[in-house]
Amino acid sequence: MSTDDNKRVVSEFVRRCQDQHDLGFADEVFHPRFVNHYRPEGRVIPSGERPASGFQAFYGQLLRAFPDARMEIDEQIAEGDLVSTRKTLRGTHRGELWGLAPTGNTVEFEFIDIFRVADGMLIEHWTSMDLGALKSQLQTPRP
């Protein structure tokens, strides 16, 4: 596949799963040997029985907290089978998250994902995000 094809695979995942909240699409686009390298703690998260289950659990938690969440791709770069995407999630804190009660705050949360694409599917993932910055936006209701 070309780098443009790989970028389309990642863009479609972002559009359908993260922007339109179709978490079931992850079952179609995650490779059977998918591995998620969760960088903030420097650990690998096992995928469970289904490759997409870890993503669906994490992102489902975010959607319960931010039911109006929208995801926008700010920049995307590809080289070979790797696609790096800088993106921003925006939403209103309407549900509990990590023990924090809903504040009604509108949040903006930027992070960077790197996906390896194989056979038109996502096979490997790394991410860099500042969870502290997100938590700080949830501490106090804004006027």
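Per residue of the chain, what 222 nm ellipticity follows from adding -39500 (n - 2.57) for every DSSP H run with n ≥ 4, rounded to the nearest 500?
It lands at -7000 deg cm²/dmol.
What dipole magnitude, in Debye to the nearest 20, does the chain give about its Cα centre under +1 on Lys/Arg Cβ and -1 on Asp/Glu Cβ?
Numbers: 17 positive and 22 negative charges, 99 e Å.
For the chain, the charge dipole is close to 480 debye.
What's the whole-number percent of alpha carbon pairs in the chain lying beyond 24 angstrom?
Value for the chain (Cα pairs over 24 Å): 30 percent.
Quick note: the coordinates plus some simple rules give every number you see, no bench work behind them. The structure presented is a predicted model; accordingly, all values stated were derived computationally and were not measured. We place every Cβ from the backbone using ideal geometry, glycine too, and count neighbours over all the protein chains shown.
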